[in-house]
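Visitor: The structure follows.
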Amino acid sequence: MPEQQVQGSYLVRTYGCQMNVHDSERLSGLLEAAGYVPAPDGASEADVVVLNTCAVRENADNRLYGNLGHLASVKAARPGMRIAVGGCLAQKDRGEITRRAPWVDVVFGTHNIGSLPVLLERARVRDEAQVEILESLDVFPSTLPTRRESAYAAWVSVSVGCNNTCTFCIVPALRGKERDRRPGDILAEIEALVAEGVCEVTLLGQNVNAYGSDFGGAADGHGGDREAFAKLLRACGQIEGLERVRFTSPHPRDFTDDVIAAMAETPNVMPQLHMPLQSGSDTVLKAMRRSYRQERYLGIIERVRAAMPDAAITTDIIVGFPGETEADFEQTMHVVREARFSAAFTFQYSKRPGTPAATMDGQVPKAVVQERYERLVALQEEISWEENKKQVGRTVELLVADGEGRKNDSTRRMSGRAPDNRLVHFAVGDVGHSAVGDIGHSAVGGTPASELPRPGDMVSVEVTYAAPHHLNADGPDGGSAIKALRRTRSGDAWQARQEQPESERRPAAVVLGMPSIGRPAAEPVGQENACGVC
Ligand code: SF4
């Protein structure tokens, strides 16, 4: 087979949620399949720059056009450079993007990410901008080539779109009605990923609990197979080599007891749940059109805890939704006290043009929202810390992470995720420096490669310290905290990637993370939409 001619370098910038991260891995895979190579690390420019946009916040537009303004001068100095804009804001703004930024070459939507390479070529050949937006899904992005960010963990989408109509959310308008992948396709993808060395998958959907509602064409959200998601979780339990299964995001309205049972009875489904609350007030939940109330929400939490006492539960909360009174807000605080979340992503409500809530009466003054927001964050911070303190003394097995510890170099620690997704920084001891870089580790005391765990490996450690948003595991007398090291095929896959030539090793620039237990940023980066995944 003739060597594919290199078309040039590419860079994918991702904004918004995990669904966009998943799509960006596909965009990178498509471009590499078309002969492009990833631009060098940290590069701010490339022959092709793709902005995969989010439409959730007011400033999302400003940020896109601001970035495009900056790219105009870069492109002027780099003849032949092409700019493509995709994602939710492209699906919403369409030709408006090339009208406001005529130096943009391609605009594609959320339903046709597979068209990018063809549109880029058409723009080059015809030397004119190409705008292609579809109203419904072309092909499932999961069927497209991919360039995964991680060697040992992967996102697996189970559905796209959403049948709900939350009044603050623009997703249904931009990603359409829910379309579910066939279970066989999902399980085949997971088996292929495990064969490549992946040991953890996160099942992804705007509302994973509605999975199956599309089976048999009953796209009303209430037809199809109501137990499909629980069955899918149990089927994941049969996959040899798949150590950890997570999912995001569930929806309290559709969260049923068969899912709790499947979680509790399937060993590789992790005891961790990200369940968006949004508000604790029944009046506000009604105005949000969330189709559940406080009692149902707390009932689910109670049943999850009964079935999995060690489960860590996180959530999303919007403060200052139109019409929210002090009494309503107090209901949110009440649920937070009752639910004892391990962490919460908290948002100050901001209008999203095009959503019903944007034109609702009773918009809450910014100062009031800010004051309530600060009270909520303070309460949750306290609870997160108290819940973390209960972990001290526990021995946990960690999936060693790649680059989750900002201070690891100086603290001679590495980091990993516990089964409940808590972030743990663990000491690796203080031995010679000879091995630094042997397997790509930055300076962690130079422990001989044969003794150092690799990202993707599993280590057992005892938690010795709790902070509000992470845990530490330190060894005796400043030594290693590692009680047991289990080398895995995922560690091998990570090491094999480190040994690849620089140009092949690097995935595209993905700027995002998953709802996890760790310090939630003031305005959590990436979790732009208040619905976890969407
Ligand atoms: S907030 Fe989530 S569940 Fe609600 S409409 Fe948006 S994507 Fe759907």
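The values are calculated or read from the model by the stated rules, or taken from the named source; none is laboratory data. Since the structure is predicted, the reported quantities are computational estimates derived from the model, not experimental observations. Please note: Cβ atoms are built from the backbone with ideal geometry, for glycine as well, and neighbour counts cover all protein chains shown. Calculation scope for accessible area: heavy atoms of the full protein, side chains included, ligands and nucleic acids excluded. Shrake-Rupley method; radii C 1.70, N 1.55, O 1.52, S 1.80 Å.
Visitor: If you take the residues of the range 227-241 that are touching a residue at least 40 places away in the same chain (Cβ under 8 Å) and open to solvent by 10 Å² or more (accessible area, probe 1.4 Å), which of them is nearest to the ligand (Cβ to nearest atom)?
Guide: My answer is 231.
Listed here are the residues, each with its yes/no results for (1) open to solvent by 30 Å² or more (accessible area, probe 1.4 Å); (2) assigned by TED's automatic domain parsing to the domain that holds residue 25; (3) assigned to a loop (DSSP other than H, G, I, E, B).
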site: 74; (1), (2), (3): no, yes, no
site: 85; (1), (2), (3): no, yes, no
site: 89; (1), (2), (3): no, yes, no
site: 124; (1), (2), (3): yes, yes, no
site: 139; (1), (2), (3): yes, no, yes
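Visitor: Further question on the same structure: Out of curiosity, is residue 191 out of contact with any helix residue (DSSP H, G or I) (no Cβ under 9 Å at 6 or more places or on another chain), of a type in the set (Asp, Glu) and closer than 30 Å to residue 491 by Cβ?
Guide: yes
Visitor: On to the next question. Of the residues that make up the range 216-230, is at least one under 22 Å from residue 111 (Cβ atoms), at pLDDT below 95 and of a type in the set (A, V, I, L, M, F, W, C)?
Guide: For the range 216-230, residues under 22 Å from residue 111 (Cβ atoms), at pLDDT below 95 and of a type in the set (A, V, I, L, M, F, W, C): present.
Visitor: Just the residues that are of a type in the set (D, E, K, R), part of a helix (DSSP H, G or I) and crowded, with 19+ Cβ neighbours inside 10 Å, please, taken from the range 308-356.
Guide: Here is the first cut: in the range 308-356, the residues of a type in the set (D, E, K, R) are 310, 316, 324, 326, 328, 330, 337-338, 340, 351-352.
Those left that are additionally part of a helix (DSSP H, G or I): 326, 328, 330, 337-338.
The one that is of a type in the set (D, E, K, R), part of a helix (DSSP H, G or I) and crowded, with 19+ Cβ neighbours inside 10 Å: 328.
Visitor: Starting from residues that are touching a His at 6+ places or on another chain (Cβ under 6 Å) and within 16 Å of the ligand (Cβ to nearest atom), keep the ones in the range 130-164 and report whichever is modelled with the lowest pLDDT.
Guide: 137
Visitor: Applying the selection to the range 460-493, what residues are of a type in the set (A, V, I, L, M, F, W, C) and either farther than 20 Å from residue 154 by Cα or at pLDDT below 95 (or both)?
Guide: Scanning the range 460-493 gives 461, 463, 466, 467, 471, 473, 481, 482, 484, 485.
Visitor: Which of the residues belonging to the range 385-425 are on the phi > 0 side of the Ramachandran plot, open to solvent by 40 Å² or more (accessible area, probe 1.4 Å) and at pLDDT 95 or above?
Guide: Listed by number, the list holds a single entry, 393.
Visitor: Another question about this same structure. Where residues in the range 141-172 are open to solvent by 20 Å² or more (accessible area, probe 1.4 Å) and among the aliphatic types (A, V, I, L, M), which of them is nearest to the chain's Cα centre (by Cα)?
Guide: So the residue we want is 153.
Visitor: Pairs needed: first member in the range 186-200, part of a helix (DSSP H, G or I); second member anywhere, of a type outside the set (A, V, I, L, M); C-beta distance under 7 Å; at least 6 residues apart or different chains.
Guide: 189/142; 190/236; 194/241
Visitor: Report, ordered by the first and then the second residue, all pairs with beta carbons closer than 7 Å, sequence separation of six or more or different chains, a first member in the range 158-170 that is closer than 14 Å to residue 203 by Cα, and a second member that is acidic (Asp, Glu) and near the ligand (Cβ under 6 Å from one of its atoms).
Guide: Within 7 Å, no pair qualifies.
Visitor: Pull up the range 267-289, narrow it to residues that are open to solvent by less than 10 Å² (accessible area, probe 1.4 Å) and part of a loop (DSSP other than H, G, I, E, B), then point me to the one that is nearest to the ligand (Cβ to nearest atom).
Guide: 276
Visitor: Does residue 382 count as assigned to a helix (DSSP H, G or I) and open to solvent by 30 Å² or more (accessible area, probe 1.4 Å)?
Guide: Details: assigned to a helix (DSSP H, G or I): yes; open to solvent by 30 Å² or more (accessible area, probe 1.4 Å): yes.
Yes: the conditions hold for residue 382.
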